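This report refers to the structure that appears directly beneath it.
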């Protein structure tokens, strides 16, 4: 589904991603972990075409998308749940979903409000009036109505209350059952290990460890060195 091959990405003169490689198979949930500032969001932006890599290759559905613009990557079937939600406060919930809906697929408006019952009663509400948890659900719903084959979720639990984190976990479980592939960029270790099929750890712009969730859970040395746990 996704193959990132030795990519190097810069912000101006700052060398952020220094040869990152990872693989994500169809229907798989891969967690990308690491401390703040190690390059996780930059990797998401490079995959989505928002901050293109200078070197290396990114393959999606076996197609080289390394230098594609973001809108073309989205049309190929990739969705982004950005860090910080980045909703449009002056648009209603339904307007968000109408703008992003694309073609025929599983995630119609009816399917979205079934997955997120809280949004059903808020369809005409302005996004800026929603709670933080509802805004995060909207960010996920906005990505899903594009019917992506791969969903990139950047820090989806950030700022959420425990109840909403459980709701988000329920959503990821539902997506796994439908075969949606997910790249889960996350700070909460327990949350990531619960839902991931494989784990990659980043440090200083590189992938420094790759293992199963069970292996990471039992490896105190790696958790202490790279995650501060």
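Values quoted throughout were computed directly from the atomic coordinates according to the rules given, and no laboratory measurement underlies them. Small disclaimer: the values here were computed from a predicted structure and weren't measured. Cβ atoms come from the backbone with ideal geometry, glycine included; neighbour counts cover every protein chain shown.
With the highest mean first, a sort of the peptides 168-179, 36-47 on other beta-carbon atoms found within 10 angstrom per residue produces 36-47, 168-179.
Any chance you could give the angle, 0 to 90 degrees and rounded to 10, that helix 132-144 forms with the longest Cα principal axis of the chain? Rounded to the nearest ten degrees, it is 80. For helix 162-177, report the angle its Cα long axis makes with the longest principal axis of the Cα atoms of the chain; keep it between 0 and 90° and round to the nearest 10°. That helix lies at roughly 80 degrees to the long axis. Expressed to the nearest 5 percent, the antiparallel share of DSSP beta bridges inside the chain is 55 percent.
Note on residue 219/residue 108: beta-carbon distance plugged into 1/(1 + (r/R0)^6) with R0 of 41 Å gives a FRET efficiency of 0.45.
With contacts taken as Cα pairs under 8 Å and at least 6 residues apart, the chain reaches a relative contact order of 28 percent. Counting neighbouring Cβ atoms within 10 Å and putting the fewest first, the residues 202, 164, 153 line up as 164, 202, 153.
May I ask for the distance between the Cα centers of segment 163-189 and segment 215-229, given as a whole number of Å? For segment 163-189 versus segment 215-229, the Cα centre distance is 22 Å. Working from Cα pairs under 8 Å separated by at least six residues, relative contact order for segment 1-130 is 21 percent. From helices alone, the chain scores -9000 deg cm²/dmol at 222 nm; the rule is -39500 (n - 2.57) for each run of n ≥ 4 DSSP H residues, then divide by the residue total.
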